[in-house]
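Contents: one structure, followed by commentary.
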Amino acid sequence: MSDTKPVIEVENLVVEYGRGRKKIRAVNGLSFQVHQGECVGFIGANGAGKSTTMKTLMGFIFPTSGITRVFGEPATEGKSRQRIGYLPEVALYYPFMKARELLELYGGLHGLSRSDLKKKIPAMLEKVGLAGRGEILLKNFSKGMQQRLGIAQSLIAEPEALFFDELSSGLDPIGRYELRDLLMELKEQGRTIFFSSHELSEVESLCDRALIIHRGQAIREGTVEELIQSSRTIDLHFTLNDLSKVSESLRSRIQPDGARFHMTTDASESLADVVAQLAQVGAQNIRPEVKNNALEEYYMRIVRETETHNDF
């Protein structure tokens, strides 16, 4: 999507906290772009610099050096935030405010009229699974309900771009499932979505691209398909009467599985060749099973390699 206009532009971003010997570099020369209509996942461990980057893009933190632009405007300018919906990692709302009042507040800050909000708020609460909860005080909301409300406030003004920091934090499995459906709907509408998450399955199922950050630096970036290709594995389950007929190179990887056997192939192998070798020695009932944690495995491998080679 490089031919589309960048919504987010980050060039050699450096963000430091503290002074003197206590100075900590949270972001260290980070550069990337997110284009209009893209859904990009921002992946990294706690302390990798994800939230600091998000806060810098929102203008809450001033960079030590580097450039940050949103919709072509400096991120330090308020104008850049007029077209954004934002959900922070930790959303703290006034406990004695009602859900309806919170959405009225955020909608009003975006310039929506009272009449518009009166129409929008019930529909928005229903969209995030909080139908009929508009008059309940926020002190009575669970963490998951507060997260749903936070998503609602980010969407109330129908922004062109959405920034979510730890998107599914506090949501139960049903909430995460419903959230994925909502994000797919927003993606189909052409919204630009940039979010961080520890749920890598969300990134794998929703995102066009993923950016992996480690110790404040981008260590990998690409389409989800490109990143997981080298880590995609398939488990082969089969029956075999005489294991000794199998070549040593395959036999060392075969594990007993009750009355059956199984082995794992990786991206460097031809699945057809492995199946043919097994069939030649009498393997039967060969059943492939694709593993669904490819992005998680890729992430763990690439971070370990980075740590080993000190590429940061």
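Annotations
- Only beta bridges with both residues in the chain are counted; by DSSP, about 70 percent of them are antiparallel.
- When every Cα-Cα distance of segment 84-159 is counted in 10 angstrom steps from zero, the calculated P(r) takes the values 21, 60, 19, 0 percent.
- At R0 = 22 Å, FRET efficiency that the Cβ-Cβ distance of Lys119 and Glu160 yields, to 0.05: 0.60
- Paramagnetic label reach from Ser65 (point 7 Å along Cα→Cβ; backbone nitrogen cut-off under 11 Å): within segment 13-38, residues 13-15, 29.
- Within straight-line reach of Lys55, meaning a Cα separation under 28 Å, sit the following lysines at least 8 residues removed in sequence or on another chain: Lys5, Lys22, Lys23, Lys79, Lys98, Lys120, Lys127, Lys139, Lys143, Lys187.
- Fully extended contour minus Cα-Cα distance, from Asp273 to Arg21, at 0.36 nm per residue: 84.9 nm
- Modelled label reach - Arg287, point 7 Å along Cα→Cβ, segment 219-257 residues with backbone N closer than 13 Å: 235-239, 257
- Contour excess over end-to-end distance, with Cα ends at Leu250 and Glu221 and 0.36 nm allotted per residue: 7.1 nm
- Estimated 222 nm signal from helices in the chain, with DSSP H stretches of n ≥ 4 weighted -39500 (n - 2.57), rounded to 500: -10000 deg cm²/dmol
- Extension gain, Asp235-Glu188: 0.36 nm per intervening residue step, less the Cα-Cα distance, totals 13.6 nm.
- Where trypsin sites (Lys or Arg not before Pro) fall in DSSP loop in segment 1-95, at most 12 other Cβ within 10 Å: Arg19, Lys23
- Cα convex hull of segment 233-290, projected area averaged across orientations, nm²: 3.6
- Paramagnetic reach from Glu305 in segment 27-46 [backbone N under 18 Å; point 7 Å along Cα→Cβ]: 43-45
- Using the Cα coordinates of segment 23-146, the gyration tensor eigenvalues translate into equivalent-ellipsoid semi-axes of 31, 18, 14 Å, sorted from longest to shortest.
Where a number appears in this text, it was derived from the coordinates with a stated rule and is not lab data. If you're wondering where the values come from, they're calculated on a predicted model, not measured in any experiment. Glycine gets a Cβ as well: all are built from the backbone with ideal geometry, and neighbour counts include every protein chain shown.
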